[in-house]
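Computed from the coordinates by the stated procedures, all read-outs in this text should not be read as laboratory data. What you are looking at is a predicted structure, and each value in this text was computed from that prediction instead of being measured. Heads up, the Cβs are rebuilt from the backbone with ideal geometry, glycines too, and the neighbour counts pull from every protein chain shown.
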Amino acid sequence: MRRIRGLFFVVVCACAVLLAVRSSSGDEIAERARKLHFSSIVLDTHDDTTQRFFSKSFDLGKRNPDGHIDIPRMRDGGMNAIFFSIWIDGRIMGPAAVQKALDQIDAVHENVRKFSNDMVFARTAEEVRRAHAQGKIAALMGLEGGHMIGNDIRIVRIFGDLGVRYMTLSHFYNDEWADSSTDKPAHNGLTDYGKEIVREMNRQGIMVDISHVSDKTFYDALEVSKAPLIASHSSCRALCNHVRDMSDDMIKALAAKGGVIQINYEKSFIDQTYKDAYDRATGGAGVVGVLGQAVKECGNDEECIGKAMGALERKMTEEGKLPHVSWERIVDHIDHAAKLVGADHVGLGSDFDGASMPEGLEDCTKLPKITEALLRNGYSEDDIRKILGGNTLRVMEQVERVSRELQAQR
Ligand SMILES: [Zn+2]
């Protein structure tokens, strides 16, 4: 009896020790992830928060009950570098498009100025690093759609001077010189003028962004550009077959020229089951068609668009038409691209405030979960820092170098 009791005691002790070891190693990874995340430059290349600057109910400096981004939540989530997206509907073209883009560029500068205790405007990788060293959030700008230059190459230079650091060559619709992935081909990729615009972007140090463009436009831009390209907010087609995502061949070609795919968190772009269900439930319109309709009804009123999209999604979910999507799909896409082309060519392009987020990544406060998941998946701390922001900074530096070389030629 005593022996049995003794054995029982030994077994209980051994289990307790094992449990303690397991939980301490679990806590150890969580702690390492926290330290890593909050000491890294966490740079997101695509956020549609800019349109919210025009809403009376939104305040960048306060914790807002809706949306995905504001300064308090960025602080909580360790997100310390952000590309504010300049976006207007792709059906607005010509001088009106330039004017509306200028309104948004001004709104970004005014908001950064207003919250200068927390934020500083950045134009270069060095300025992003300096902001980080000062404990400030680096604010950058990307122009989401070539239609906003009003078919005038000189506007590219002016936008560059105002601090625009990437331009997506098209949005949902073809513009005058580039085909979109979600429109009928009109130019067979980039027109000659489009190629000239890409060269001018190289000269101005503006990153060429191939999210949204047709596959042919991507390959044309890749051939013409003297600097690496980015996909500011696209995911992997191998995991979710959406035209807004990149095929493995495209990701390989992008990486071979030093570029980076910045993974988009939109549910329809990361989860095949969800995308198929959404397409079915909307009679084939899909998220792109529904958004196009919402924009038609709401104009550039992001609040109105968000409400319309959200209400429809809630209705379809309540009717049991849409499946749940976990935030872990984001990690799957990072993993897929990293396994395909290496961790040097993957980054984060959430599409916060412009897309429907998966469960568990409801806003930017949840970003540390991605770092922890990557650490648990065996990524080195170095590789994780690159994915969180280092890769984009590397591309920015290359783009800056190419710009200096091209400027020196004339
Ligand atoms: Zn977009």
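Run through all the Cα pairs of the stretch 206-248 and give the fraction in each 10 Å bin from 0, expressed as whole percent.
32, 53, 15, 0
Can you tell me the convex hull volume per residue for the stretch 304-381, based on C-alpha atoms, in Å³ to the nearest whole number?
On the way: hull volume 8.3 nm³, N = 78.
Spelled out: Cα convex hull of the stretch 304-381, divided by residues, is 107 Å³.
At 20 °C and 1.002 mPa s, grab the translational diffusion coefficient of the stretch 184-281 from Stokes-Einstein with a Kirkwood Rh over Cα pairs, rounded to a whole number in µm² per second.
Details: Rh = 14.0 Å.
Taking Rh from Cα pairs, D becomes 153 µm²/s.
Output ³J(HN,Hα) for the stretch 60-66: one whole-Hz value per residue in order, computed from phi by the Karplus curve 6.51 cos²θ - 1.76 cosθ + 1.60 with θ = phi - 60°, and x for Gly and Pro.
4, x, 10, 7, 8, x, 10
Taking amide H atoms as placed 1.01 Å from N in the peptide plane, list the residues 5 or more away in sequence, or in a different chain, whose amide H sits under 5 Å from that of Val346.
Ile261
Determine the sum of side-chain charges near Glu31: Lys and Arg each +1, Asp and Glu each -1, restricted to other residues whose C-beta is under 14 angstrom from that of Glu31.
Working: positive: Arg32, Arg34, Lys35, Arg376; negative: Asp27, Glu28, Glu372, Glu381.
Surrounding charge for Glu31 is 0.
Given a cut-off of under 8 Å on Cα pairs at least six residues apart, what relative contact order in percent is computed for the stretch 283-405? Mind dumping the intermediate values first?
Working: 70 pairs, mean separation 26.3, N = 123.
RCO, the stretch 283-405: 21 percent.
What residues qualify as long-range amide H neighbours of Met246, i.e. H under 5 Å apart, gap of 5 or more or another chain, H built at 1.01 Å from N?
Ser235, Cys236, Arg237
Tell me, what ³J(HN,Hα) does each residue in the stretch 97-109 have, in order and in whole Hz, if you take phi through Karplus 6.51 cos²θ - 1.76 cosθ + 1.60 with θ = phi - 60° and put x for Gly and Pro?
Listing the rounded values in order: 5, 4, 4, 5, 5, 4, 4, 6, 4, 5, 4, 5, 4 Hz.
Compute the Rg/Rh shape ratio of the stretch 47-155: radius of gyration over Kirkwood radius, all on alpha-carbon atoms. Don't skip to the answer; put the middle values down first.
Working: Rg = 14.5 Å, Rh = 14.6 Å.
Value, to two decimals: 0.99.
Determine, for each peptide in 258-271, 355-368, the mean count of other beta carbons within 10 angstrom over its residues, then list the peptides with the highest first.
On the way: 258-271: 27.1, 355-368: 19.1.
Peptide ranking by packing, descending: 258-271, 355-368.
I'd like the per residue volume of the convex hull spanned by the Cα atoms of the stretch 75-135, given in cubic angstrom. Show your work: numbers first, answer last.
Values: hull volume 6.1 nm³, N = 61.
Per residue, the Cα convex hull of the stretch 75-135 comes to 101 Å³.
Between Rg and the Kirkwood Rh of the stretch 246-380, both from Cα atoms, what is the Rg to Rh ratio?
On the way: Rg = 16.1 Å, Rh = 16.1 Å.
Reported Rg/Rh (Cα atoms, Kirkwood Rh): 1.00.
With the radius of gyration and the Kirkwood radius both derived from the Cα set of the chain, what is their ratio Rg to Rh?
Answer for the chain: 1.03.
Could you identify which residue out of Ser85, Ser326, Ser211 has the top mean-square fluctuation in a GNM of the chain using Cα springs shorter than 10 Å?
Ser326
Taking the number of other C-beta atoms within 10 Å as the exposure measure, put Glu126, Glu318, Glu302 in order starting with the fewest. Show your work: numbers first, answer last.
Working: Glu126 13, Glu318 9, Glu302 23.
Fewest to most other Cβ atoms nearby, the residues stand as Glu318, Glu126, Glu302.
Comparing Leu374, Leu169, Leu143, which has the greatest mean-square fluctuation in the GNM of the chain with Cα pairs linked when under 10 Å apart?
Per the Cα network of the chain with a 10 Å cutoff, Leu374 tops the list.
With unit charges on the beta carbon (Lys/Arg positive, Asp/Glu negative), name the residue among Val288, Met309, Leu254 whose Cα is farthest towards the positive pole of the charge dipole of the stretch 235-309.
Leu254
How many nm separate the modelled label positions at Phe38 and Leu340, each set 7 Å beyond the Cα in the direction of the Cβ?
In this crude label model, Phe38 to Leu340 measures out at 3.5 nm.
Too long at a 28 Å Cα-Cα cut-off: which of Lys307/Lys366; Lys100/Lys321; Lys100/Lys366; Lys114/Lys366?
Numbers: Lys307/Lys366 22 Å; Lys100/Lys321 37 Å; Lys100/Lys366 32 Å; Lys114/Lys366 26 Å.
Going by Cα-Cα distance, Lys100/Lys321; Lys100/Lys366 fall outside the 28 Å limit.
Pull up the cross-link candidates among the aspartates and glutamates for Lys296, meaning alpha carbon to alpha carbon under 17 Å and not fewer than 8 places away within one chain.
Filter leaves Asp89, Asp183.
Which cross-chain or sequence-distant (5 or more) residues have an amide H under 5 Å from the amide H of Ser181, H modelled 1.01 Å from N in plane?
Sorted by chain and number, the residues that satisfy this are Val213, Ser214.
Identify which of Ile29, Ile330, Ile149 has the largest mean-square fluctuation in a Gaussian network model of the chain, with springs joining Cα atoms closer than 10 Å.
Among Ile29, Ile330, Ile149, the largest mean-square fluctuation in the Gaussian network model of the chain belongs to Ile29.
Which ³J(HN,Hα) values, rounded to whole Hz and listed in residue order, are derived for the stretch 373-385 from phi using the Karplus coefficients 6.51, -1.76 and 1.60 in 6.51 cos²θ - 1.76 cosθ + 1.60 with θ = phi - 60°, glycine and proline given as x?
In residue order, the calculated couplings are 5, 5, 5, 5, 7, x, 6, 6, 4, 4, 5, 5, 4 Hz.
Under 12 Å from the Cβ of Ile158, count the other residues' Cβ atoms, weight Lys and Arg +1, Asp and Glu -1, and hand me the total. Could the numbers behind the result be given before it?
Values: positive: Arg154, Arg157; negative: Asp152, Asp161, Glu200.
Summing Lys/Arg as +1 and Asp/Glu as -1 gives -1.
Based only on Cα atoms, what mean projected area does the convex hull of the stretch 104-203 have, in nm²? Show your work: numbers first, answer last.
Details: hull surface 27.6 nm².
With every direction weighted equally, the projected area is 6.9 nm².
Do the sum for the chain: with -39,500 (n - 2.57) for every DSSP H run of n ≥ 4, divided by all residues, what is the mean residue ellipticity at 222 nm, to the nearest 500 deg cm²/dmol?
Values: 16 runs with 205 residues, N = 410.
So the calculated ellipticity at 222 nm is -16000 deg cm²/dmol.
Once the principal axes of the Cα atoms of the stretch 154-209 are found, what is the range along each, listed largest first in whole angstroms?
Computed over the Cα atoms, the extents are 33, 20, 15 Å.
So for Asp344, Asp106, fewest C-beta neighbours within 10 Å to most, what's the order?
Working: Asp344 17, Asp106 12.
Ranking Asp344, Asp106 by Cβ neighbours within 10 Å, fewest first, gives Asp106, Asp344.
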